[in-house]
Amino acid sequence: MGGFFGAVCNEDVITDVFFGVDYHSHLGTRRAGMASLSDIIGFQRNIHSIENSPFRTKFEDDITKMDGKACIGCISDQDPQPLLIRSNLGVYAITVVGVINNADEIIKNYLSLSGSHFTAMTGGKINSTELIASLITQKDSFAEGIRFAQDCIDGTAAILILCEDGSLIAARDKYGRLPVLIGQKKPTEDSSMYGFCATFEDFAMYKLGYVFARELGPGEVVRLTADGVEVLAPARKEKRICAFLWTYYGFPNANYEGINVEAMRMRNGEIMAKNDRENNLAQDIDYVCGVPDSGVPHAIGYANASHVPYARPFVKYTPTWPRSFTPANQKTRNMVAKMKQIPVHALIEGKKLLFVDDSIVRGTQLRETVDFLYNNGAKEVHIRSACPPIMFGCKYLNFSRSNSDMELIARRTIQNLEGDEGHKHIDEYSDANTERGKALRDAICRELKFSSLQYQSVEGILEAIGMDESQVCTYCWTGKE
């Protein structure tokens, strides 16, 4: 997916942005970049691949050569950024988090009207950040251009810009699917530094001495200087923040809309345990376990509510492969995930285990995990998904993005059960209380060798988050935009 951090202060902010971006490393695995505005030489920029080496090690030498009282940085799961743009709005650096689904249409319209060109990457693809910049600079101001760009695209675009006057412009995406928070640093007895930052993850700014100032509303655009925050475009009314921020993407101590990730996940597990108890499901188990890492707090909540001990029947060996999804090749990712799992035999042999995972997308790695547990002597392996069955590839972020919905195990199973007719009844298949819902769960259990399978409901996950459905994006489960 990706994330960004930027700061503007009365003193050099390179170190702040370096650590602020580093705290977004869990959001992306491909590229990272930093851009600053130096009083001496102007704009500076560095971009590196982080597929096989973390952000910190790639940029720790760069920051000794960068300086500036204004700087932005990003973790990008797609294109190289930030980009430096020279336009009618001046020279600026820009980074974007999001997805553009209608890029080809926008490119065609732009080229036909302007007679201009884009820099193409391998395969002819256009950098999405450059495409956003081309839309912004069609207007006479950043605020007007950002609104225009967000209205043109089908998808999502949270935007952070470093202007040539040393100010930052931060914009939350049109429907607020992603968070953008503003922090303020005030002078202390130990430091005379003051200013503001914009960040995706709030804990990044707290660790750097910033305090919460505000969270931008959907589509809101603000300008940050060391002295204050100016609203350039007010928030829009409709909000659809991504539910997966809490169930999967977010770091445990992150807060979105004032709701903590770890606390939500524990509540979510408690709700699943309550549902299992009411339906007399999986009540005779030895241990509740979490599929590392984001499944763990869901499982702790389940264990607390069910009064069944929490245990770790296997641990992940992370010194050499800290993130199993880092390799670009799916076969390699699966192999790395397998090599990382080290069993604790005393907690597996002859035991009835219930595992909670944050989600079940394709089922490939979970199948290998279950095989691994049975091969090490598990008697039963029950699976609980902390979210509903994923029925649609995400249109707005990178989570569950697929070439076809048939790559999703829930949709593939529906096709196997009922053919094309089944896809007309997705609501029923999602509901565990219907015959179709029971058939879906039974079929996946047989395919992946689960002793039982249950999913959290949409209602349950919204209860755990504590927000009304009208404000939360549930597209990947319901298909409702």
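The values are calculated or read from the model by the stated rules, or taken from the named source; none is laboratory data. The shown structure was predicted, so the numbers you read here are calculated from the model rather than taken from an experiment. Cβ placement follows ideal geometry from the backbone for every residue including glycine, while neighbour counts extend to all protein chains displayed.
The table below lists the values:
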{"quantity": "Leading residue by the ranking (nearest to Lys69 (Cα to Cα)) among those in region 7-26 that are among the polar types (S, T, N, Q) and either at pLDDT 95 or above or crowded, with 21+ Cβ neighbours inside 10 Å (or both)", "calculated": "Asn10"}
{"quantity": "Residues being within 20 Å of the chain's Cα centre (by Cα) and among the aromatic types (Phe, Trp, Tyr) - total across region 36-55", "calculated": "1"}
{"quantity": "The lone exception for Leu453 - which of (1) touching a residue at least 24 places away in the same chain (Cβ under 8 Å); (2) within 28 Å of Thr156 (Cβ to Cβ) it fails", "calculated": "(2)"}
{"quantity": "Positions within region 103-134 being surrounded by 12 or more Cβ atoms within 10 Å (Cβ to Cβ), assigned to a helix (DSSP H, G or I) and charged (D, E, K, R), in sequence order", "calculated": "Glu105, Glu130"}
{"quantity": "Enumerated strands (runs of 3 or more DSSP E) restricted to region 1-94, each holding at least 2 residues that are without any contact (Cβ under 8 Å) to a residue 40 or more places away in the chain", "calculated": "42-49"}
{"quantity": "All strands (runs of 3 or more DSSP E) inside region 333-393 with 1 or more residues being out of contact with any Ser or Thr (no Cβ under 7 Å at 6 or more places or on another chain), of a type outside the set (S, T, N, Q) and touching a residue at least 40 places away in the same chain (Cβ under 8 Å)", "calculated": "352-357, 380-385"}
{"quantity": "Matching strands (runs of 3 or more DSSP E) fully within region 207-322 where at least 3 residues are surrounded by 15 or more Cβ atoms within 10 Å (Cβ to Cβ) and in contact (Cβ under 8 Å) with a residue 60 or more places away in the chain", "calculated": "221-225, 287-290"}
{"quantity": "Residue that is exposed (fewer than 15 other Cβ atoms within 10 Å of the Cβ), out of contact with any His (no Cβ under 6 Å at 6 or more places or on another chain) and not in a loop (DSSP other than H, G, I, E, B), where the choices are Gly419, Gly460, Gly437", "calculated": "Gly419"}
{"quantity": "Answer from Glu463, Glu469 - the residue that is free of Cβ contacts under 8 Å to residues at least 40 places away in the same chain, over 16 Å from Asp357 (Cβ atoms) and not small (Gly, Ala, Ser)", "calculated": "Glu469"}
{"quantity": "Filter result (β-branched (Val, Ile, Thr) and either under 19 Å from Val8 (Cβ atoms) or crowded, with 18+ Cβ neighbours inside 10 Å (or both)) within region 27-59", "calculated": "Thr29, Ile40, Ile41, Ile47, Ile50"}
{"quantity": "Residue within region 102-111 that is of a type in the set (Phe, Trp, Tyr) and modelled with pLDDT of 95 or more present", "calculated": "no"}
{"quantity": "Residue match in region 191-199 (condition: modelled with pLDDT under 95 and either outside the structural domain of Cys473 (by TED's automatic domain parsing) or on the phi < 0 side of the Ramachandran plot (or both))", "calculated": "yes"}
